[in-house]
1. What accessible surface, in Å², does a 1.4 Å probe find on GLU87, ignoring ligands, DNA and RNA and rounding to the nearest 10?
2. Ratio of alpha-carbon Rg to the 2.2 N^0.38 Å globular estimate for segment 88-153, to two decimals, please.
3. Helix-only mean residue ellipticity at 222 nm, the chain, DSSP H runs n ≥ 4 weighted -39,500 (n - 2.57), per residue, nearest 500. What is it?
4. Compute log10 of I(q)/I(0) for segment 149-268 with the Debye formula, placing one identical point scatterer on every Cα and leaving out solvent, at q = 0.09, 0.16 Å⁻¹, to two decimals.
5. On a straight-distance basis, which lysines could pair with LYS449 in a cross-link, Cα separation under 29 angstrom, same-chain partners fewer than 8 positions away excluded?
6. Could you provide, to the nearest whole Å², the per residue accessible area of the chain with probe 1.4 Å?
7. From largest accessible area down, sort TYR362, TYR376; use a 1.4 Å probe on the protein chains.
8. Give me, ordered by chain and number, the residues 5 or more places off VAL411 or on other chains with an amide H under 5 Å from its own placed amide H.
Amino acid sequence: MKITKFHPLPKDFLWGASTSAYQVEGANLSYGKGPSVQDIKTVPEGTSPLDVCADFYHHYKEDIALMAEMGFKTFRFSIAWTRILPEGKGRINQEGIDFYSNVIDECLKYGIEPLVTMFHFDLPAALDKEGGWSRRESIDEFVNFAKILFENYGTRVKYWLTINEQNMLTLVGNAIGTSNLDGVENKIKKLYQENHHMLLAQAKVFKLCHEMCPGAKIAPAPNISLIYPASCKPEDVMAAQNFNAIRNWLYLDLAVWGVYNNLVWKFLEEHDAIPEMEEGDMDIMKEGHPDYIAFNYYSTATVAADNGDEPVDASKANQQSGMAEPGVYKYYPNPNLQHTEFGWEIDPEGFRATFREIYSRYRLPMLITENGLGAYDKLTEDGKVHDGYRIEYLRKHIEQLKLASSEGCEVIGYCPWSAIDLISTHEGMVKRYGFIYVNREEFDLLDMKRYRKDSFYWYKKVIETNGEDLTD
Ligand code: BG6
């Protein structure tokens, strides 16, 4: 639809950006913090360990001051479960409680709303050792962790997020360092059992949030992107429906409506992977209600039909590409899209299409919790980073967000990935996303000084004009 009548974004639009604890903080085994699965994994060859990252732990005041300078209305960060509960349950680490309390206060000092993710890929290693999310006990463990967060921060934090990219935990745990499927016979069964427990835990936490923090708003934060069919062949269209259901709607149907998506249910049945349930589980799912939908968007994906006759190589799959399921769908590189330096497709129009689809299904306000471009940024001798390519990427996405908003999709905030350079899930420090450059290399920590990239100044103006001025 060609749009000529634009509506301005809401006055209280939440402009900001995001980070996650294990990728930005450093101090990963200090100040009482216990190990998470990220701390015990073998990092991909050639990438930095996760012990220092951007050293946000020691620089948070300086970093939040820079975010305030950009005019942030919100800052999305995650709380490391093992900084609060070093073993995932039991003993509380007061230093961890104090650290996030200080981060929250620092945000509030500048009028920045903290947008807090409870769990971003960093399950406590101690719980993982016991079986992690595959055990029924994991539900109460997560609820207990959430309760501690509400008790300590509930009067100051108005926007909560439960689980970052639960769909990617299920679909590509190998790429993000979270799944251990060695020796597991029915991998799908194991993954979807874990998924079921996470969904129950999330539903309980939605409810608990509303009981303990009146006025607070809580949401899931999956990675949602519309799936295109490779052609108009009916079988490709159905493959796209399959993957849309498996990648996207399963998570939102359960979070919002408390029901299992029927296509996914069939897929699980076909793989002898229906999760084991207790009586009342689906009532629990229905009792939890999110106040908004948060989602991460990097690009759409395109799939074709797969008849299941030939083996499909899904070993290179990551959050955005390469996913395949024999007999259900297979990845198809979209010839109409450009790519980032790291091979991810770029599809701003797909962003608008994704808003439209989500809003027409669920009719809840939407907040973008990630969107951005990973690139090999270079610091010049005079301390500049000319990241015009990032500005271009973000501009095009914000243009589409504004179109979606003008079309009546309720969009309440935009938090690109990432506020500051940090370590990528599996491609190291050199894959930078931030508005703020951190002066370190993959292995050499240099001086960790912060520099404002060109995108920093650009985003400041975008925020100042509430998204009206997107020019350089
Ligand atoms: C999302 C994650 O999948 O994508 C982030 O929530 C991640 O943790 C981001 O960093 C970008 O992906 P990557 O693999 O480039 O770090």
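The values are calculated or read from the model by the stated rules, or taken from the named source; none is laboratory data. The structure displayed is predicted, hence computed values, not measured ones. Neighbour counts run over all protein chains shown; Cβ positions are idealised from the backbone, glycine included. When the accessible area is computed, the model is the full protein with side chains, heavy atoms only, and any ligands, DNA or RNA have been set aside. Shrake-Rupley method; radii C 1.70, N 1.55, O 1.52, S 1.80 Å.
1. Its accessible surface works out to 80 Å², give or take rounding.
2. 1.27
3. After summing the helix terms and dividing by residue count, I get -11000 deg cm²/dmol.
4. So the normalised log intensities are -0.31, -0.86.
5. LYS33, LYS41, LYS61, LYS73, LYS109, LYS378, LYS384, LYS431, LYS460, LYS461
6. I get 39 Å² per residue for this part.
7. TYR376, TYR362
8. MET366
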